[in-house]
1. Residue-wise, which Karplus ³J(HN,Hα) couplings in Hz belong to the range 65-74, taking 6.51 cos²θ - 1.76 cosθ + 1.60, θ = phi - 60°, and x for glycine or proline?
2. What is the distance, in nm, between label points placed 7 Å from the Cα along the Cα-to-Cβ direction at GLN100 and at ASP55?
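The numbers here are math on the coordinates, done by the rules we state, and not lab data. Since the model is a prediction, treat every value here as computed from it, not as a measurement. We place every Cβ from the backbone using ideal geometry, glycine too, and count neighbours over all the protein chains shown.
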Amino acid sequence: MPPAVTVPLAPPQEETGMSGHRTGTTTDTKIFGRITEMTGEERQPREELAAGSIDRTTEHGRPTRLEAELDQCRHLLQQRRAHVAADEDPKEARVRPIAQVEHYRS
C-alpha cells in the first residue's frame, strides 16, 4: 500500500452562505485542530525512525489507525464546507465509517 499523502487544509475562515449557514465555526475549528494534532502525531514515528530512536517495526505500528482517523476528519470538514457552499446546514454532515473514507484525498 502506498504511503498516505497528507493534504494540508487551510484553517477554517468565516464564510456565510445565502441561507446564513456559516463555516469557520467552533466545530470547524475543533475539527481542523484535531487534524493538525493528528498530523503531528503521524509524523512523530517517522521523525523518530529518521533519528534512529525507533526501529521500522515500531514506526509502522501506529500510523495506520491514525491515517484512517485523519481521513474521517478531513472528509467531515469537507462535507461541512460543501453543505455551506450548497446553502445547506453544515450540521447535516456526518462522520463516515473508516471503510468508506479510507485513503480519502481532499
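1. Here the 3J(HN,Hα) series is 5, 4, 4, 5, 5, 4, 4, 4, 5, 4 Hz.
2. 4.0 nm
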